[in-house]
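Since the structure comes first, as structure tokens, the remarks are kept for the end.
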Amino acid sequence: MNTKTMKRISKLMSLALRHRPQVLGLELDEGGWCEVTQLVAALKRREAGFDRSRLELVVAENDKKRFAFSEDGQRIRANQGHSITVDLGYQQLEPPEELYHGTATHFLASIRKKGLIKGQRHHVHLSADVQTAQQVGVRHGKLALLRVRSGAMHRAGHPFYRSDNGVWLCEAVPPEYLHFPV
Ligand code: HQG
């Protein structure tokens, strides 16, 4: 399987496991899990010769560790980024004192007023390192890097979670907890 095919499969899996299971005819449980056999069968219809070992490759090689197998290896789900209702069972955690959010300059006026809001997603996504935040931000346009006073937010009672692939999540970031680029 070449890199292009793997990327195409991975995008299709993101769509089905996060947003529209029906595109592959999948059934997800309340935790967002899908039977591996069901997913493999569905992908085989799109990509001749697709099998479990190829799925394992797609999961292992994914640049952001977007997917995870259950402990027994029978089920698979997306680690984060869902728009369908799922309970991922995240534990509340104490965040580092500062986290980062990369966005685009054209969003700044609105963010100054409303803070960071989750929009289509279940949470606002924050990064523990500047480089990741930069990569997330440039997807939207000219980069604006925001520093988030996550320690202060946590002490004020805002819950924080961390997804299995290391993304920090919260409900919203009010503007007073943001440092804007000067
Ligand atoms: C912005 C990718 C106006 C927000 C990445 C962002 C990440 C506001 C955009 C994950 C706003 C939403 C998430 C406000 C927030 N006014 N704009 N009040 N509050 N925004 O893509 O954080 O490839 O939904 O700054 O790696 O960019 O999916 O969120 O620019 O982890 O695995 O609204 O998506 O991962 O954009 O990215 P997104 P995001 P995956």
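The values are calculated or read from the model by the stated rules, or taken from the named source; none is laboratory data. The structure presented is a predicted model; accordingly, all values stated were derived computationally and were not measured. When we count neighbours, we look across all protein chains shown, and the Cβ atoms used for this are built from the backbone with ideal geometry, even at glycine. Heads up: the accessible areas ignore ligands, DNA and RNA and are worked out on the full protein's heavy atoms, side chains in. Shrake-Rupley method; radii C 1.70, N 1.55, O 1.52, S 1.80 Å.
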Meets criteria (more than 8 Å from the ligand (Cβ to nearest atom), of a type in the set (Gly, Ala, Ser) and in contact with a strand residue (DSSP E or B) (Cβ under 9 Å, 6 or more places away or on another chain)) for Ser163: yes
Selection within segment 101-138 - open to solvent by 80 Å² or more (accessible area, probe 1.4 Å) and either in contact (Cβ under 8 Å) with a residue 12 or more places away in the chain or touching a Lys or Arg at 6+ places or on another chain (Cβ under 7 Å) (or both): His106, Phe107, Arg112, Lys113, Lys114, Ile117, Gln120, Arg121, Gln135, Val138
Failed criterion for Ser70 (all others in (1) touching a residue at least 60 places away in the same chain (Cβ under 8 Å); (2) open to solvent by less than 90 Å² (accessible area, probe 1.4 Å); (3) not assigned by TED's automatic domain parsing to the domain that holds Ser150 hold): (1)
Of the residues in segment 1-34, those that are open to solvent by 20 Å² or more (accessible area, probe 1.4 Å) and outside any helix (DSSP H, G or I) come to Met1, Asn2, Arg20, Gly25, Glu27, Leu28, Asp29, Glu30, Trp33
First in segment 145-162 and in contact (Cβ under 8 Å) with a residue 40 or more places away in the chain, second anywhere and of a type in the set (Gly, Ala, Ser) and part of a strand (DSSP E or B), Cβ under 9 Å, 6 or more apart: Leu145/Gly102; Leu146/Gly102
Name the single residue, out of those in segment 166-180 being in contact (Cβ under 8 Å) with a residue 40 or more places away in the chain and under 16 Å from Phe107 (Cα atoms), that is farthest from the ligand (Cβ to nearest atom). Phe180
